[in-house]
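Below you'll find the structure, written out as structure tokens, and then a few comments.
Computed from the coordinates by the stated procedures, all read-outs in this text should not be read as laboratory data. Everything quoted here is computed from the prediction, not taken from an experiment. Heads up, the Cβs are rebuilt from the backbone with ideal geometry, glycines too, and the neighbour counts pull from every protein chain shown.
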Amino acid sequence: MRILIDSHVFLWWALQTRANSRLSRRAFDVLKNPSTECLLSMGTAWELALKSDRLGLSERFEPLLEAAIRSLQLTIVGIELRHVVYSTSLPWHHRDPFDRLLVSQAVLEGVPILTADRQIAKYAVKVIW
């Protein structure tokens, strides 16, 4: 299975152990499954980089990102013009441009999104949580 992971899922994986994780059991199992191909949007990396100071991660953001990429064997999904254009046609269930981009990428790439964000579930995209 291929799955696009949302920014909070990435952070919860990178910063916490299962014992105190905010990940659902299903999300944890999907991430740990060796047959899962986890995708990380470049938009998610960009969003986290922009928010790293506010999240208290500014000094350790890059090593944290690189470690999680290795740990989850993430495939980076670039932002293509078609993703950006499609995001402008989405209903306004979500105002966050990064989440709209994520929905656009999931729809156009034909993959579900691993997210706890209920607003994303309002779109015509498969959500796993």
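Just how large is the dipole of the chain about the Cα centre, in debye to the nearest 20, putting +1 at every Lys and Arg Cβ and -1 at every Asp and Glu Cβ?
Details: 16 positive and 13 negative charges, 97 e Å.
Dipole magnitude for the chain comes out near 460 debye.
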* Asked: For S71 and H93, what does the FRET efficiency come to when R0 = 30 Å and r is the distance between their Cβ atoms, rounded to the nearest 0.05?
  -> 0.45
* To do: Scan [x] 13.2; [y] 8.1; [z] 7.5 for the value of mean projected area of the Cα convex hull in nm² calculated from this model and give just the label.
  => [z]
* Label 7 Å along Cα→Cβ of I128; region 19-40 residues with amide nitrogen under 17 Å? -> 23-40
* Structure fact -> Here the FRET efficiency for R82 versus L50, based on Cβ atoms and R0 = 30 Å and rounded to 0.05, is 0.85
* Shape call, region 84-129: gyration tensor on alpha carbons, a/c limit 1.5 -> oblate
* To do: Hey, can you grab everything whose amide H is under 5 Å from the amide H of R2? Only 5+ residues off in sequence or another chain; H modelled, so Pro and N-termini drop out.
  => E37
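For region 52-100, run through the chymotrypsin sites (Phe, Trp or Tyr not before Pro) and keep only the ones in DSSP coil with at most 10 other Cβ atoms within 10 Å of their Cβ. Write down the numbers at each step before the final one.
Working: sites: F61, Y86, W92, F98; in loops: W92.
Those that pass, being in a loop and sparsely packed, are W92.
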* **Mean Cβ count within 10 Å, highest first, over the residues of peptides 41-47, 54-60, 25-31** => 41-47, 25-31, 54-60
